[in-house]
Amino acid sequence: MSDVEFFNFAFSHMPLLLVCMGSVSFVLYLSIRRKVVLGYLDPLHFYWTFTFGTGYGVVLALYLEDFISFYYLCLVAGYALVFITIFSLSKRRGWWLYRAVKTLLVPRGAGRFEFMFIFFIYLALAFFLMFNTGLGVSADTNRFEQNRGVGAFVRVADGLRLFVLSYLTLICCRRWSAGQRGVVTWTCIGTYFVLLIVSSLLNGAKFAVLEGLYTSLFAVAVQGYRMRVSVAKVAIMLAAVLFFAVWVLGKNLEQSGIDSESSGAYMSDTPVLYERLALRILANGDKYYLSLPNGVIERLKTDSALIQFLSPLVSVTKMSELVGHPVNDYTVGRQSLLYWYPDYNTAGGPTSHFDLFSYKYLGLLPGILFVALIGFLLGSIVNVSRRKAQGPFYAALCATLWLRAIAMLLEPTVGLAYVLDIFIMFFVIKVFGMMLRAATSPNQRVGV
């Protein structure tokens with residue numbers, strides 16, 4: 001089912017689609033509401049409850065209208081059930097990951113020196129990317145196309161960005177709770193908001209501001225500060241995030257030469273800007289409506305699963321040069337798009353989602369084991385994040401690890417690479433800090 005066919009279906013069956021999306025999202029919300037660290041503000045709700053809820057709602061609506069077979073409905077539902085079951089069981093068994101994080105990644109004390117080192121590294125990367133690629137929000141085509149050739153720098157910068165925002169939040173909270181509300185504290189608060197906005201513009205994703213707020217709140221929860229978040233504050237936060245998303249979408253339309261005030265193609269009485277926002281929500285199910293009707297997924301091309309796992313680590317560009325074909329074109333999401341639009345040569349496209357990737361690249365039964373592994377890893381990170389009073393560096397690191405790891409649900413190979421990035425970067429930073437402290441410590445007294 002192509003985009004045009006799906007959107008025609010969606011707008012002619014909107015009540016059914018809304019009921020399916022709402023019902024499935026509510027069920028997914030119930031499945032994790034007692035299992036996450038941050039309650040209803042946890043970022044897993046954005047991914048699982050909202051993104052997968054709307055995506056699975058599309059699958060259910062298409063099944064009810066006989067566009068998708070019962071086999072594929074059971075496939076998607078079965079993989080989701082395996083994930084949430086293993087995730088629920090493993091959130092009590094994260095001792096192995098806790099030991100690894102504490103031993104390999106977290107320095108002694110508050111890690112102030114390491115934070116300052118990371119902060120300056122991020123600033124250097126941010127300036128490098130600004131001068132080489134510009135702000136992601138102002139990309140001529142899309143941020144993926146803009147970042148060709150510098151993807152490794154972008155990935156490192158995005159990981160460090162989350163850590164810096166988290167640690168800055170904890171500095172502000174510590175000073176505020178201690179009654180230190182002078183110039184230094186307000187300078188820290190101002191620095192945080194400037195960094196949140198500028199880094200989000202550099203990232204260019206509509207989710208960027210919300211991601212920054214998520215990681216900050218998550219770090220606060222891990223550190224053990226009591227959060228009093230009223231409904232009014234949540235509403236203000238969501239309004240700010242929605243404003244940023246609409247603004248970014250408007251910039252994207254402007255870069256494409258589209259008048260954001262013109263009438264929409266499917267919603268003729270609505271400006272195209274708001275129609276595109278609605279279509280973006282429906283596009284949470286794009287990989288499903290592109291690949292599942294008529295069994296299109298069985299006809300998609302693949303390359304080696306090993307290549308898919310290694311390419312985010314080696315870099316997609318380098319791996320493509322080594323194997324002689326564009327590796328990114330063989331992700332399940334991208335292949336679903338190319339099946340319908342073979343001449344589409346702009347970077348980006350639908351994500352694969354853990355269920356479709358597991359089924360297509362690993363097969364039905366091995367795919368179940370891989371889905372279980374993802375649930376186990378994410379559940380273990382939740383366990384690590386529940387160990388409070390471990391220090392600000394630990395709390396900020398947990399927030400960064402969680403925000404980067406849950407990307408495994410959208411694109412498993414990329415999410416696993418993000419997790420490995422965190423371990424490599426922070427291990428190197430810890431070793432560097434230990435070496436520098438040893439080199440600058442007072443010399444031991446020796447005999448004369």
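The values are calculated or read from the model by the stated rules, or taken from the named source; none is laboratory data. Keep in mind that what you see is a predicted model, and the values were worked out from it rather than measured. As a convention, Cβ positions derive from the backbone with ideal geometry for all residues, glycine included, and neighbour counts pool all protein chains shown. Ligands, DNA and RNA are stripped out before the accessible areas are found, and what is left, the full protein with its side chains, is counted by its heavy atoms. Shrake-Rupley method; radii C 1.70, N 1.55, O 1.52, S 1.80 Å.
For the reader, a short list of remarks on this structure follows.
- The length gained on full extension between T346 and A205, counted as 0.36 nm times the residue separation minus their Cα-Cα distance, comes to 49.1 nm.
- Segment H325..I197, full-extension length gain: 42.4 nm, with 0.36 nm per residue of separation and the alpha-carbon distance subtracted.
- Label-point separation in nm, Q180 to A110, each point 7 Å along Cα→Cβ: 0.6 nm
- J(HN,Hα) series, the stretch 350-358, from Karplus relation 6.51 cos²θ - 1.76 cosθ + 1.60, nearest Hz, glycine and proline x: x, 6, 8, 6, 4, 6, 5, 4, 4
- In the chain, helices alone account for a calculated mean residue ellipticity at 222 nm of -22000 deg cm²/dmol, with every DSSP H run of four or more residues adding -39,500 (n - 2.57).
- Carbon plus sulfur fraction of accessible area for the chain, probe 1.4 Å, in percent: 65 percent
- Per residue, the chain exposes an accessible area of 47 Å² to a 1.4 Å probe, with every protein chain left in place.
- Radius of gyration and maximum dimension Dmax of the chain, Cα, Å: 22.6, 91
- One decimal place: the segment T85-R387 gains 106.5 nm when fully extended, by the rule 0.36 nm per residue minus the C-alpha distance.
- For the listed peptides 187-194, 348-355, 285-292, a ranking on the average number of other beta carbons within 10 Å per residue, highest first, reads 285-292, 348-355, 187-194.
- Nearest 10 degrees, 0 to 90: helix 112-132 Cα axis against the chain principal axis: 50 degrees
- Per-residue HN-Hα couplings for the stretch 23-35 [Karplus 6.51, -1.76, 1.60; θ = phi - 60°; Hz; x = Gly/Pro]: 5, 5, 4, 5, 5, 5, 4, 5, 5, 10, 4, 9, 10
- Tally of Lys pairs whose C-alpha atoms are under 13 Å apart, taken over the chain, 8 or more apart or cross-chain: 6
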